[in-house]
Amino acid sequence: MLEPGGEAELAAMIADARAPLAICGGGTRGALARGEVLSTARLRGVVLHEPGALTLVVRAGTPLSEVEAVLARAGQRLGFEPWDARVVLGTRGEPTIGGVAAANVAGPRRVQAGAARDAMIGLRFVDGTGMVVANGGRVMKNVTGYDLVRLMAGSRGALGVITEIAFRLQAVPETEATLVLAGLSDREAVARMARALGSPFDVSGAAHAGGETLLRIEGMEASVAYRAEALRKLLGGGEMLGPTESAARWRRLRDGAEFAGAHGEVWRVSVRPSAGPEVAAAWPGARVAYDWGGGLLWLNVPAGADVGAVVMRLGGHATRLGDGRVLRSGGEGVAALVRGLKAAFDPRGILNPLAEG
């Protein structure tokens, strides 16, 4: 296993590589790509934290738990609410902040705060030739014009190895509450979630699972009380959860706890919210949970189920948990774009291959 202690050493290892490299952060998201393991575990530590500017710069191998502990002491957080893959996959190890960025992780708050890429304001990485690239600094002439942050977020190590990331932070709100609506069908739930998200009440979570529709509001105590009650009236009733129970429910939803130990395959499927019930209807009786207002489905289906056919027809994308296989709609045009990016950043094809279906 290769385990560089710094960016320069990492760059030299990649430049000298003559065979595929499997990039590994904390190893919590399942099987690695083929090749010699290249670990970022020693690239760790907070480079800069400016609480007043809501800014953090951190090395990629830093465990997520360490990042969150530093931020908690300042009353701050990563707004995109990263989820913990160990819960559903039963894996070990420690999630790293670089792995979070490389997978463009996002939890329930994506409907309000966006995904990891939306909080990333800069980064450094080493490409497949061994060149160090910094956002806003040295630019590769054959990729001029690309938004490097958005390219690297979600690339899963296939375009380069992230070494350092700068994040925009959020202050931790004073309190939260969750409105629970019971007994809605999937389509009714999606419609109610859309109405809640389109309201002026700043909903920070909208999910539907186990026959319950959950709508979260965060902020100052008086504001939360007012907005939660107004949302209840708008939607025609519902039970209200206090901050402790609310936080626990969203943590379980965030991490897919309902799918831990599931037989068959578990997928995270992203489609337009109105198409979510159609995805679920393709496998009657399958276990399903909706997040992001219906735009994300946690889907437990039998092994070998043709998820791709449904995803392609509905214009979405999906990731199979455990091996990271990705299915995207868009046909040859999207496939050609992916190949072009791979050729520009990793012309030798030695970094994590993209697992495309």
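Values in this text are rule-based calculations from the coordinates and carry no lab data. Remember, predicted model here, so these are calculated numbers, not experimental data. Cβ atoms come from the backbone with ideal geometry, glycine included; neighbour counts cover every protein chain shown.
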* Asked: Taking amide hydrogens as modeled 1.01 Å from N in the peptide plane, which residues meet the under 5 Å criterion relative to T163, leaving out close sequence neighbours?
  -> R124, F125, V126
* Structure fact -> Under the rule rounded for a/c under 1.5, else prolate if a/b exceeds b/c, else oblate, using alpha carbon gyration tensor axes a ≥ b ≥ c, the stretch 173-255 is classed as oblate
* D for the stretch 1-122, whole µm²/s, Stokes-Einstein with Kirkwood Rh over alpha-carbon pairs at 25 °C and 0.890 mPa s: what number? -> 160
* Identify the GluC sites (Glu not before Pro) of the stretch 166-206 meeting these criteria: DSSP loop state and at most 14 other C-beta atoms within 10 Å of the C-beta. => E174
* Between R73 and K233, 0.36 nm times their residue separation minus their Cα-Cα distance comes to what? -> 53.9 nm
* Label point distance in nm, V47-R168, each placed 7 Å from Cα along Cα→Cβ -> 1.9
* Structure fact -> Yeah, the stretch 1-45 with a ≥ b ≥ c from its alpha-carbon gyration tensor (a/c under 1.5 is rounded, else prolate when a/b outruns b/c, oblate otherwise) is oblate
* Structure fact -> Per GNM of the chain with C-alpha springs under 10 angstrom, the most fluctuating residue out of G333, G308, G322 is G333
* **Dipole-positive endmost among A275, A207, L337 within the chain (Cβ charges, Cα centre)** => L337
* Structure fact -> Distance in Å, no decimals, from the C-alpha centre of the stretch 273-328 to the one of the stretch 171-220 is 21
* Structure fact -> Quick numbers on the stretch 258-332, Rg and Dmax over C-alpha atoms in Å, give 11.3, 36
